[in-house]
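**Q** Got a structure here, written out as structure tokens. Questions coming.
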Amino acid sequence: MTRQRSQRKGRKITKADLFEAGLSGGENSAQKRKVLLRKLKLPEHLAPNALLKVLNSLMDYEEFSRQVQKL
């Protein structure tokens with residue numbers, strides 16, 4: 001997760017990905033985001049748009065998908 005974006009392959013995470021993962025726009029999405037944020041040791045009160053920017057700076061979609069599956 002510490003690789004620079006320029007060295008990463010794979011696609012970026014989108015708002016649709018957050019929605020499909022249950023992290024935005026749905027029932028219990030705020031709770032699911034909190035769980036992910038704790039797991040990634042990120043600030044607990046990130047809004048979905050801020051979370052998206054942070055996630056894309058840390059990982060690509062494939063890594064995001066693996067992290068979400070572990071929730």
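The values are calculated or read from the model by the stated rules, or taken from the named source; none is laboratory data. Computed from a predicted model, the values in this text were never measured in an experiment. Virtual Cβ from ideal backbone geometry, glycine too; neighbours counted across all protein chains shown. Ligands, DNA and RNA are stripped out before the accessible areas are found, and what is left, the full protein with its side chains, is counted by its heavy atoms. Shrake-Rupley method; radii C 1.70, N 1.55, O 1.52, S 1.80 Å.
**Q** Out of the residues in region 21-31 meeting the condition of being under 14 Å from Leu71 (Cα atoms) and not hydrophobic (A, V, I, L, M, F, W, C), tell me which one is farthest from the chain's Cα centre (by Cα).
**A** Here the answer is Asn28.
**Q** Could I ask something else about it? Can you pull out every residue in region 36-63 that is basic (Lys, Arg) and either outside any helix (DSSP H, G or I) or touching a residue at least 12 places away in the same chain (Cβ under 8 Å) (or both)?
**A** Lys39, Lys41
**Q** So, one more: Mind listing just one residue for me: the one in region 16-35 that is assigned to a helix (DSSP H, G or I) and acidic (Asp, Glu) and, of those, nearest to Leu51 (Cα to Cα)?
**A** Asp17
**Q** Here is a follow-up. Could you list, in sequence order, the residues of region 32-54 that are within 13 Å of Phe64 (Cβ to Cβ) and among the β-branched types (Val, Ile, Thr)?
**A** If the condition is that a residue be within 13 Å of Phe64 (Cβ to Cβ) and among the β-branched types (Val, Ile, Thr), then Val54 is the only one that fits.
**Q** Looking at region 15-35, I want the residues that are over 15 Å from Tyr61 (Cβ atoms) and free of Cβ contacts under 8 Å to residues at least 40 places away in the same chain and have a partner that is of a type outside the set (D, E, K, R) and open to solvent by 60 Å² or more (accessible area, probe 1.4 Å) with Cβ atoms under 6 Å, at least 6 apart or on another chain. Which pairs are those?
**A** Hits for this filter: Gly25/Phe19; Val35/Leu71.
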